[in-house]
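Taking it in order: structure first as structure tokens, then the write-up.
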Amino acid sequence: MKIKSFPLILAIALIGCSFNSFAQTNEDDKQEKKADTSKVMVDKKVEFGVGFGLNFVGGTNINLSPNLTYNVSNKIAFGLGVQYNYLALKDIQTTHTYGGNLIFQYSPSQKIMTLLEFVQLRVSSTSEIDDITKRFWDSALFAGAGYNITNKITVGAKYNFLYDEDESIYSSSVIPFVNISF
């Protein structure tokens, strides 16, 4: 029995060694590829993006917000941007806003992106009823989530925790968004 099982044990050992050496060769190739892709990742730490939103609940709200984000890792990013909003309530008022925003993004998976965003805007609002213009500062704190259609395009919605129906410049507390990064 021992003589017949020896060739079988030898064959298994040779196959195991060949798989092991094959795996080592592949690991070396993978390490070289990782070194090459890490050089590319250094270049992609900072991304330029353009967010925009449309909302037609209670009026028209159009938002354009270019931003820069710094990718700390493949899951976490910080950024800042500028923003312009246009709000029109038919025959009531027209509002233009501009300002800046701070952004924190967390991606629990490749397809899901969550965000936390603070926005400070300068508001210029003209009432069409009595032709009075008001100028003031408004703040918004958004939490939201989006679906990554591709690595560069995200579609989602965000909720404004500081929304006040009587004083906020936004027509709704929920704002849909699309973000495109380059």
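Listed cross-link partners 44/158; 75/111; 75/152; 90/134 are compared with a 22 Å cut-off, the Cα-Cα value being larger for 44/158. Of the residues 177, 48, ranked by 1.4 Å probe accessible area with the largest first, the sequence reads 48, 177. Normalised per residue, the accessible area of the stretch 114-174 is 59 Å², obtained with a 1.4 Å probe and no contribution from ligands, DNA or RNA. Note that the stretch 106-182 shows a convex hull volume over its alpha carbon atoms of 108 Å³ per residue.
The values are calculated or read from the model by the stated rules, or taken from the named source; none is laboratory data. All values reported here derive from a predicted model rather than from experimental measurement. These area figures cover heavy atoms from the full protein model, side chains too; ligands, DNA and RNA do not enter into them. Shrake-Rupley method; radii C 1.70, N 1.55, O 1.52, S 1.80 Å.
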